[in-house]
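Written below as structure tokens is the structure these notes are about.
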Amino acid sequence: MTPNTLKWGIIGGGLMGREFASALGRWIALTDDAIPPSQLVAVCDLNEGARNWFSRVPSVSQLTASADELLQNPDVDAVYIALPHHLHREFYLKALRAGKDLLAEKPFGIDLEAAIEVRDEAQKLGRFVRCSSEMPFFPGAQRVWKTLSQNLDSLGRILEIRAGFHHSSDLDPSKPANWKRQNKTCGENGVLNDLGMHVAHLPLRLGWKPARVYAQLQHGFPVRPDGRGGEVVCDTWDNALLHCDVEIGSEIATMRWEMKRMAPTETNTWFLEVLGTRGGVKFSTKTPKTLFVFENGKEQSWNAIDLGHGSAFSTVTGGIFEFGFPDSILQMLAAFAAERAGVLGDKFGMATPEEATASHQIWAAALRSQEEKRAVEV
Ligand SMILES: NC(=O)c1ccc[n+]([C@@H]2O[C@H](COP(=O)([O-])OP(=O)(O)OC[C@H]3O[C@@H](n4cnc5c(N)ncnc54)[C@H](O)[C@@H]3O)[C@@H](O)[C@H]2O)c1
């Protein structure tokens, strides 16, 4: 029997709203019939131009400037909310109270307090809620996950973990500022709010929550064009290095998380590297089809394995073809639909409200560490 279609609404039809809609448009690529088909039916954005872009999607029957109107639509089962961070708490709570399930964008509220309130409300009302973090759905990241979750002992004692997400989007000082460059709309956490969930998702799923953190945070350019002939002050943290202690087994391993909006040469590079005394694994979207496996035999080597399109949720795409960012969004949406329907099985799921809240606890400790110039317990 074909499962019921999951009908989506989007609130916030900007960069990510469009990404989400176009990923849904490729739903036919998924081959597993147990996953409920998913369809976009309604979109809300204050900006008329942004809203009207979605008129190209044949299944959309509601375009509105009012989130309340969209949330009253009985056809909408779940909403994807992709709004600036200062609006997360208000709109996430509104959606939950209107009876909708929620795919929340990171950072899941502007700060820890907002994340806790949304997490608790979702739990109280029994809604299915997950937080966006698509990069771990790359086949290489999935293979790293499989090794670490099923075969960690084969690596020996874990010595070191390095995970990160690097952009160079802020290197150009003439680039006009948007809401992501100001604390009042992006949050005091700055780049941690922007890129942190992507980095934290997989380690937290493995139970690798830092016990202590020493943070080094850096500002970017203090002033930028406002895009209307004037200038605007930019006060967010742009780059962050978090040096963490994490308990694995009975040992403390060192874990470094790197989140940068000013990383020369990088466009959208997500990476994870884990080194143990007997073995290691690493994957970076810089070499998107290649998994590296460290072998510590008579001689030591990094073996490069080209994975092609070996995604967690099978698709019609040929196995030798490359995987990319839009594919990772489709895989993530498949995980949402499958988990909501109770058919995820042992596959990797999206970030949970608990994980998103845990990430905020880490960012709060990082801000304290930066202020006090010392390592801080999480
Ligand atoms: N998962 C990812 O890879 C990824 C990448 C970029 C951004 N994001 C996250 O997505 C969210 C949105 O970021 P973006 O880059 O798409 O932003 P954006 O500025 O491109 O889009 C935001 C949209 O929200 C609309 N909007 C603002 N206030 C509104 C309101 N009250 N009601 C209805 N619409 C309103 C704006 O008109 C705009 O079209 C943020 O949480 C951000 O951190 C995630």
Exercise. In the set Leu102, Leu96, which member is more than 16 Å from the ligand (Cβ to nearest atom) and either polar (S, T, N, Q) or buried (at least 20 other Cβ atoms within 10 Å of the Cβ) (or both)?
Worked result: Leu96
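Do the conditions hold for Ala82, that is, is it surrounded by 19 or more Cβ atoms within 10 Å (Cβ to Cβ) and near the ligand (Cβ under 9 Å from one of its atoms)?
Working: surrounded by 19 or more Cβ atoms within 10 Å (Cβ to Cβ): yes; near the ligand (Cβ under 9 Å from one of its atoms): yes.
It is true that Ala82 is surrounded by 19 or more Cβ atoms within 10 Å (Cβ to Cβ) and near the ligand (Cβ under 9 Å from one of its atoms).
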Exercise. Can you name the residue in the stretch 105-115 that is within 10 Å of the ligand (Cβ to nearest atom) and of a type in the set (D, E, K, R) and is also surrounded by the fewest Cβ atoms within 10 Å (Cβ to Cβ) among such residues?
Worked result: Glu105
Exercise. Hey, among Val60, Val41, which residue is among the β-branched types (Val, Ile, Thr), away from the ligand (no atom under 12 Å from the Cβ) and not in a loop (DSSP other than H, G, I, E, B)?
Worked result: Val41
Exercise. When the residues of the stretch 240-257 are filtered to those that are under 21 Å from the mean Cα position of the chain (by Cα) and surrounded by fewer than 21 Cβ atoms within 10 Å (Cβ to Cβ), which remaining residue is farthest from Gly324 (Cα to Cα)?
Worked result: His243
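What do you reckon, is Gly196 in contact (Cβ under 8 Å) with a residue 12 or more places away in the chain, crowded, with 24+ Cβ neighbours inside 10 Å and farther than 24 Å from Ala253 by Cβ?
Working: in contact (Cβ under 8 Å) with a residue 12 or more places away in the chain: yes; crowded, with 24+ Cβ neighbours inside 10 Å: yes; farther than 24 Å from Ala253 by Cβ: no.
It is false that Gly196 is in contact (Cβ under 8 Å) with a residue 12 or more places away in the chain, crowded, with 24+ Cβ neighbours inside 10 Å and farther than 24 Å from Ala253 by Cβ.
Could you go through the stretch 57-64 and let me know if any residue there is in contact with an Asp or Glu (Cβ under 6 Å, 6 or more places away or on another chain), in contact (Cβ under 8 Å) with a residue 12 or more places away in the chain and in the same structural domain as Asp101 (by TED's automatic domain parsing).
No, the conditions are met nowhere in the stretch 57-64.
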Exercise. Name the residues in the stretch 206-242 that are closer than 17 Å to Arg162 by Cβ and outside any strand (DSSP E or B), would you?
Worked result: Leu206, Trp208, Lys209, Pro210
For this session: Could you check how many residues of the stretch 258-288 are among the basic types (Lys, Arg) and surrounded by fewer than 19 Cβ atoms within 10 Å (Cβ to Cβ)?
Result: 2
For this session: Write out, first by first residue and then by second, each pair whose Cβ atoms fall under 6 Å of each other, whose residues are 6+ apart or on separate chains, and whose first residue, in the stretch 324-343, is outside the structural domain of Gln142 (by TED's automatic domain parsing) while the second is among the polar types (S, T, N, Q).
Result: Gln331/Ser311; Ala337/Ser38
For this session: Please find, within the stretch 145-193, the residue that is nearest to the ligand (Cβ to nearest atom) out of those that are of a type in the set (Lys, Arg) and in contact (Cβ under 8 Å) with a residue 24 or more places away in the chain.
Result: Lys180
Exercise. Out of (1) farther than 17 Å from Ser328 by Cα; (2) modelled with pLDDT of 95 or more; (3) assigned by TED's automatic domain parsing to the domain that holds Gln218, what's the single condition that is false for Asp170?
Worked result: (2)
Problem set entry | Residue count for the stretch 313-348, restricted to those that are surrounded by fewer than 19 Cβ atoms within 10 Å (Cβ to Cβ) and among the small types (Gly, Ala, Ser) | 7
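So that you can scan it fast, the table gives a plain yes or no per residue for (1) more than 15 Å from the chain's Cα centre (by Cα); (2) within 21 Å of Ala122 (Cβ to Cβ):
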| site | (1), (2) |
| --- | --- |
| Asp327 | no, no |
| Ala338 | yes, yes |
| Gly349 | no, yes |
| Pro353 | no, yes |
| Leu367 | yes, no |
For this session: Output the residue which, of all residues in the stretch 143-175 that are under 16 Å from Phe271 (Cα atoms) and in a strand (DSSP E or B), is nearest to the chain's Cα centre (by Cα).
Result: Phe165
For this session: Would you be able to say whether some residue in the stretch 60-78 is modelled with pLDDT of 95 or more and under 23 Å from the mean Cα position of the chain (by Cα)?
Result: yes
Exercise. Does Phe91 count as in a helix (DSSP H, G or I), within 22 Å of the chain's Cα centre (by Cα) and within 16 Å of the ligand (Cβ to nearest atom)?
Worked result: yes
For this session: Check whether at least one residue in the stretch 130-142 is assigned to a helix (DSSP H, G or I), loosely packed, with under 15 Cβ neighbours inside 10 Å and out of contact with any helix residue (DSSP H, G or I) (no Cβ under 8 Å at 6 or more places or on another chain), and report yes or no.
Result: no
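Taking the options Ala21, Ala50, name whichever one is within 25 Å of Gln331 (Cβ to Cβ) and among the aliphatic types (A, V, I, L, M). Outline the logic, then answer.
Numbers: Ala50 fails: within 25 Å of Gln331 (Cβ to Cβ).
So the residue among Ala21, Ala50 that is within 25 Å of Gln331 (Cβ to Cβ) and among the aliphatic types (A, V, I, L, M) is Ala21.
The values are calculated or read from the model by the stated rules, or taken from the named source; none is laboratory data. Remember, it's a predicted structure, so these values are computed and weren't measured experimentally. For neighbour counting, all protein chains shown are included, and Cβ atoms are generated from backbone atoms with ideal geometry for every residue, glycine included.
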